[in-house]
Amino acid sequence: MAELIVISTLNGVLFGMLLFLLSSGLTVIFSMMGVLNFAHASFYMLGAFFGYQLTRWIGFWPALVLAPLLVGAVGMAVERYGLRNTHKHGHVAELLLTFGLAFAIEEIVSMIWGKSPMDYRIPAALDFPAFTVFSTNYPAYKIFMLVVSVVIFVALLITLKRTRVGLIVQAALTHPSMVGHLGHNVGRVFMLVFGVGSALAGLAGVIAGPSLVTQSDMAALLGPILFVVIVFGGLGSLPGAFIASLLIGLIQTFAVALNGSLASVFGPLDPSLGPSPLTDIWNVTIAQIAPILPYVLLVLVLIFRPMGLLGTRES
Amino acid sequence: MRYLPFAMAAAVLMLGGAASAQETLKIGYIDPLSGGGASVGEGGLKTFQYLADELNAKGGILGHKIEIVPLDNKTNPQESLVQAQKAVDAGIHYITQGNGSSVGAALEDFVTKNNSRNPGKEVLYFNYAAVDPSMTNEKCSYWHFRWDASSDIKMEALTNYMKDQPSIKKVYLINQDYSFGQSVRSEARKMLAAKRSDVQIVGDELHPLLKITDFSPYIAKIKASGADSVVTGNWGQDIALLLKAAADAGLKVNWYTYYAGGAGGPTAIKQTGLDHQVFQISEGIPNSGNKAAMDFEKDFRAKANMSLWYPRAVNEMRMFKAAAEKANSIDPVKVAAALEDLKFEVLDGGEGTMRKDDHQFFQPIYISSFGTLADKAKEPFDEENTGWGWHLVSKIDTAHAMVPTTCKMKRP
């Protein structure tokens, strides 16, 4: 039991940190620009595919730097030539643009790389067990993922809260014209913010690609849960997203580990009732419903605390 | 002069006849070409296209060229029905599908209804991989033919092998949460209890189909259970990712699988270092030792750039041709009648037969293990450039691979 708890905690934290790495970009973009970017998971996927391709050509470490930059460049182009023009038509237009973009990116990726999983390997330098707990190996690569996520979290927080850049970026959202009068190019600030947000998603893709599966549906697989994270954590709140990511990672992992069902708590139903939908519900284990738990959480949060855990504004 | 109209009519008839003889025979391929099942769907498509080319090079079926029409169902039953209807509207009389028994059951129902409502426009459903036993038992249909061994047949063979392995003491079951996975889990429980009452089932897990990106939590659970063997019917990315997570965690158990050889599986097994500890049950293996099959494999790998993952697709297409020639027609009703009880020499050697009672094809079944290949001359084929390949450990003849059916078929 202790073994399962320790391993599940580790797994949960790891998955949570990956979620955070993904949602941090989304949160930054949302809190700075008020744009809910539906294509965010697609940038993550682009990161993984760019990472895979560059790894083939020039190796993993250069790819780790270059691929997020490329994804950031794509993001900036999207902001400059897409979002900036739709901005004046309001949030719905922006939302629809990113929504369409998500589909377009998925199609383009599957056209170029096909639909089969890529053979994207963990770099040899990190392909060894870092440590062993209860005879379960912990891959060094997962620790690497964890470290990158923590570094990004700290760096983002410091940049936004403690530096001049963060000050200008935050001011540009609430008082764009005033910031403009002070001599800052507000358009460029937005473009850079969007680029950084996309690059973060790209970075998550490059490092998650070898560990999870790199194929053209990976965006669709992770996309929905990102929204759970940022809504649950509070729209636009970076610490909120951090806590929510960890919580969701842990909840999902621990739910899988539990075999409890209503039947195991209250005893099996009277067999004379015969098979019915009720007996099915009665016997469903927590492990079986693990994947939907985050969405249940999303619904509950929206009902009881619409601003999320640490959010400041109403969604 | 007065014969002219007759001559013209005769000419028109002959032209018409010639035109219909050249008419292409379209086969609707309904399988996932996007989403989590895409990797297996694309592999199947390549296989069928290769087989169609092979038949066409030899004059097609009764002079008809074969064309495979890809229809993407996204592993979704609802989407499959839309695609099947599209195929019917386009005048296609043969559909083939394999991935996902939920999809298979929906299609079986579709062809049954379609054929009773539209006499003269019958559609046949050739199933090459959906192995839920109910499709040839209580839900059986005259219009459905299955070339893959049903899940029960596979489990029967697999447990027959497992019962002679004294090292197996604690078994963990992990399967996809839908009809096929559930039948694997219940049959495994039943058969293991009957054949090896001393074996303990230490876990019985169902997880969502093609939705999980990281199996580490499940691996932790398997590890905590103290299992020495895992039995799984997982396919597609679910088996590849499961093995990958096991490799990462260093889980050392024996794996008894249906589909460990699917895309990504061999690479993951190589990473686990589990040399000849992952077993797979199938109707053929690349290193079967049968010369014709190995020649086919070689040519297939050269042209399709993948290993032959569906020997049953080869059997399906070749048997389709044999049945059409026996019936001397490509009319689905006649082909269906000709397929019943048709005996056929399968790709990997040995005779198979399409049982009339339930339209299940019975053929020799192989259990193979994945690992280093000692003799490169005898076992030349590795998988996914890992250097490891499939090694035959047990062959079950057709006669011993038979299971009873409860099918009460409604015949037209």
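The values are calculated or read from the model by the stated rules, or taken from the named source; none is laboratory data. None of these values were measured; they are calculated from a predicted model. A quick note on method: Cβ atoms are made from the backbone with ideal geometry, for glycine too, and the neighbour counts reach across all protein chains shown. Only protein heavy atoms, including side chains, enter the accessible area calculation; ligands, DNA and RNA are left aside. Shrake-Rupley method; radii C 1.70, N 1.55, O 1.52, S 1.80 Å.
Interface size between chain B and chain A, please: total buried accessible area, 1.4 Å probe, rounded to the nearest 100 Å².
So the buried area, both faces added, is about 2600 Å².
Taking 23 Å as the cut-off for C-alpha to C-alpha distance, list the pairs among B:K58/B:K291; B:K270/B:K376; B:K291/B:K356; B:K46/B:K121; B:K86/B:K113 that go past it.
Result: B:K291/B:K356; B:K46/B:K121 exceed 23 Å.
Would you mind pulling out the separation of the Cα centroids of region B:108-148 and region B:333-358, in Å?
Between the Cα centres of region B:108-148 and region B:333-358 lies a distance of 15 Å.
Which whole-number value in Å² is the accessible area per residue of the protein assembly as shown, probe 1.4 Å?
It amounts to 41 Å² per residue over the protein assembly as shown.
What is the sum of charges, Lys and Arg at +1 and Asp and Glu at -1, for the other residues whose Cβ falls under 13 Å from the Cβ of B:K58?
0
Would you kindly state how much longer the chain becomes between B:K378 and B:T406 on full extension, computed as 0.36 nm times their sequence separation minus their alpha carbon distance, in nm to one decimal?
5.9 nm
Report the charge-dipole magnitude of region B:323-412 in Debye, nearest 20, computed about the Cα centre from +1 at each Lys and Arg Cβ and -1 at each Asp and Glu Cβ.
The calculation lands at about 520 debye.
Determine the distance separating the Cα centre of region A:20-52 from the Cα centre of region B:382-412; give it in Å without decimals.
Answer, in whole Å: 45.
What are the ³J(HN,Hα) values, in whole Hz, obtained from phi via the Karplus relation 6.51 cos²θ - 1.76 cosθ + 1.60 with θ = phi - 60°, for each residue of region A:61-77 in sequence order, with x given for Gly and Pro?
After applying 6.51 cos²θ - 1.76 cosθ + 1.60, I find 5, x, 4, 4, 8, 6, 4, x, 4, 4, 5, x, 5, 4, x, 4, 4 Hz.
Hey, got the dipole for chain A? About the Cα centre, +1 on K and R Cβ, -1 on D and E Cβ, debye to the nearest 20?
1060
Calculate the dipole size of the protein assembly as shown relative to its Cα centre from +1 charges on Lys and Arg beta carbons and -1 charges on Asp and Glu beta carbons; express the result in debye to the nearest 20.
Charge dipole, the protein assembly as shown, about its Cα centre: 1140 debye, nearest 20.
Over the protein assembly as shown, with every protein chain in place, what whole percent of the accessible area is carbon and sulfur at 1.4 Å, could you tell me?
That fraction is 63 percent.
What does the net charge come to around B:G289 if you take all other residues with beta carbon closer than 13 Å to its beta carbon, with K and R at +1 and D and E at -1?
-2
For region B:28-85, build the charge dipole from Cβ charges (+1 Lys, Arg; -1 Asp, Glu) around the Cα centre, then report which of B:A57, B:P32, B:Q83 sits farthest towards its positive end.
B:A57
Using alpha carbon centroids, what distance separates region B:167-188 and region B:194-219, in Å?
Between the Cα centre of region B:167-188 and that of region B:194-219, the gap is 6 Å.
Rounded to the nearest 500, what is the 222 nm mean residue ellipticity of chain B from helices alone, with -39500 (n - 2.57) per DSSP H run of 4+ residues and division by all residues?
-13000 deg cm²/dmol
Helix B:77-89 against the longest principal axis of chain B: what's the angle in degrees, Cα atoms only, rounded to the nearest 10?
It works out to around 20 degrees.
For the protein assembly as shown, build the charge dipole from Cβ charges (+1 Lys, Arg; -1 Asp, Glu) around the Cα centre, then report which of B:S216, A:S211, B:I66 sits farthest towards its positive end.
A:S211
With the solvent-accessible surface defined on protein heavy atoms using a 1.4 Å probe, which residues belonging to region B:190-230 display a reduction of at least 30 Å² in accessible area in the multichain context relative to the isolated chain?
In region B:190-230, residues shielded by partner chains: B:L206, B:P208, B:T213, B:D214, B:S216, B:P217, B:Y218, B:A220, B:K221, B:K223, B:A224.
Of the listed pairs A:K142/B:K252; B:K26/B:K395; B:K139/B:K195, which have alpha-carbon separations greater than 31 Å here?
Flagged as over cut-off: B:K26/B:K395.
Rounded, prolate or oblate: which one fits region B:160-232, using the alpha carbon gyration tensor with axes a ≥ b ≥ c (rounded when a/c is under 1.5, else prolate when a/b beats b/c, else oblate)?
Taking the square roots of the gyration eigenvalues as a ≥ b ≥ c, region B:160-232 is oblate.
Under 9 Å from the Cβ of B:P266, count the other residues' Cβ atoms, weight Lys and Arg +1, Asp and Glu -1, and hand me the total.
-2
As an exercise, use a Förster radius of 45 Å and the Cβ-Cβ distance of B:E138 and A:V299 to find the FRET efficiency, rounded to the nearest 0.05.
With R0 = 45 Å, the Cβ-Cβ based efficiency is 0.75.
Against the longest principal axis of chain A, how steep is helix A:164-174, in degrees 0 to 90 to the nearest 10, with axes from Cα atoms?
90
I'd like to know which of A:G72, A:F131, A:Y141 lies farthest towards the positive end of the charge dipole of region A:66-187, counting +1 on Cβ of Lys and Arg and -1 on Cβ of Asp and Glu.
A:G72
Anyone know which of A:L160, A:L70, A:L298 comes out most mobile in the 10 Å Cα GNM of chain A?
A:L160
Would you calculate, for chain A, the mean residue ellipticity at 222 nm contributed by helices, counting each DSSP H stretch of 4 or more residues as -39,500 (n - 2.57) and dividing by all residues, to the nearest 500?
Calculated at 222 nm, the ellipticity per residue is -23000 deg cm²/dmol.
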